[in-house]
1. What residue, among those in region 141-183 that are among the charged types (D, E, K, R) and open to solvent by 70 Å² or more (accessible area, probe 1.4 Å), is modelled with the highest pLDDT?
2. Could you list all residues from region 111-129 that are surrounded by fewer than 22 Cβ atoms within 10 Å (Cβ to Cβ) and either farther than 17 Å from residue 60 by Cα or not aliphatic (A, V, I, L, M) (or both)?
3. Across region 93-110, what is the total count of residues that are modelled with pLDDT under 80 and open to solvent by less than 50 Å² (accessible area, probe 1.4 Å)?
4. Tell me which residues, restricted to region 108-137, are assigned to a loop (DSSP other than H, G, I, E, B), within 29 Å of residue 148 (Cβ to Cβ) and in contact with a strand residue (DSSP E or B) (Cβ under 8 Å, 6 or more places away or on another chain).
5. Among the candidates 60, 49, 29, 4, single out the residue that is β-branched (Val, Ile, Thr), loosely packed, with under 10 Cβ neighbours inside 10 Å and either at pLDDT below 80 or on the phi < 0 side of the Ramachandran plot (or both).
Amino acid sequence: MKIVRGRLRFKPSRRDESGQSLLETAVAVPLLLAIAFNIINFGYFWFMVLALSAAPRQGVQYATQGGFALSTTTGIPTADNICNLVGDNVGNAVLHSSTLTCGADTKVQIRVCSNAVGTPTAGVPKCKSYGPALVSLSAPAADPEPTMFALQRVDVVYQVTPIIPGGVFNIVVPANLNFHRQVSMRNLY
């Protein structure tokens, strides 16, 4: 009995290969989508960090310069003026709206600690909070030179949600993340 060598070999058909490529695609596509969505969300979070660093800095500069930073007002700005300035900055950069009324948005918490709120006690400035309490903010530290300088402090907390929400593809980035930025400056009045 002769064995023909050509018949003993297994030759895969085209149909078997198409099933394998379908399986590889089914495994690879969700992984690639998860990586792409997390890169987009991480980039958005990084943009939020950069945008939120400017808002309290501008507010505390406005507080320390005594309102002379803007040509429309002079003298010591009130806590509401400082909050409105910070709110406008956050509203333009982050919320894609022209204005943000202090305390109206549920994702922004602003706290202004200034001598405009009240006379500091033992070098610790008085504070006024706006918006929901997203994070419990620590009490401001006492100024080491309270008789010579006045400490101005602005805190901004923003709750960022991902651009692309989803439990399946959100592996790295959490659903809600609170960003806190605090800026302190001193002035002579």
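The values are calculated or read from the model by the stated rules, or taken from the named source; none is laboratory data. It should be emphasised that the depicted structure is a prediction, and the values quoted were computed from it without experimental measurement. With ideal geometry, Cβ positions are generated from the backbone for all residues, glycine too; neighbour counts draw on all protein chains shown. Ligands, DNA and RNA are excluded from the accessible area calculation, which covers all protein heavy atoms including side chains. Shrake-Rupley method; radii C 1.70, N 1.55, O 1.52, S 1.80 Å.
1. Top of the filtered list is 181.
2. Result: 115, 118, 119, 120, 121, 122, 123, 126, 127, 128, 129.
3. 8
4. If the condition is that a residue be assigned to a loop (DSSP other than H, G, I, E, B), within 29 Å of residue 148 (Cβ to Cβ) and in contact with a strand residue (DSSP E or B) (Cβ under 8 Å, 6 or more places away or on another chain), then 114, 115, 117, 120, 123, 125, 126, 137 are the ones that fit.
5. Unique residue meeting the criteria: 4.
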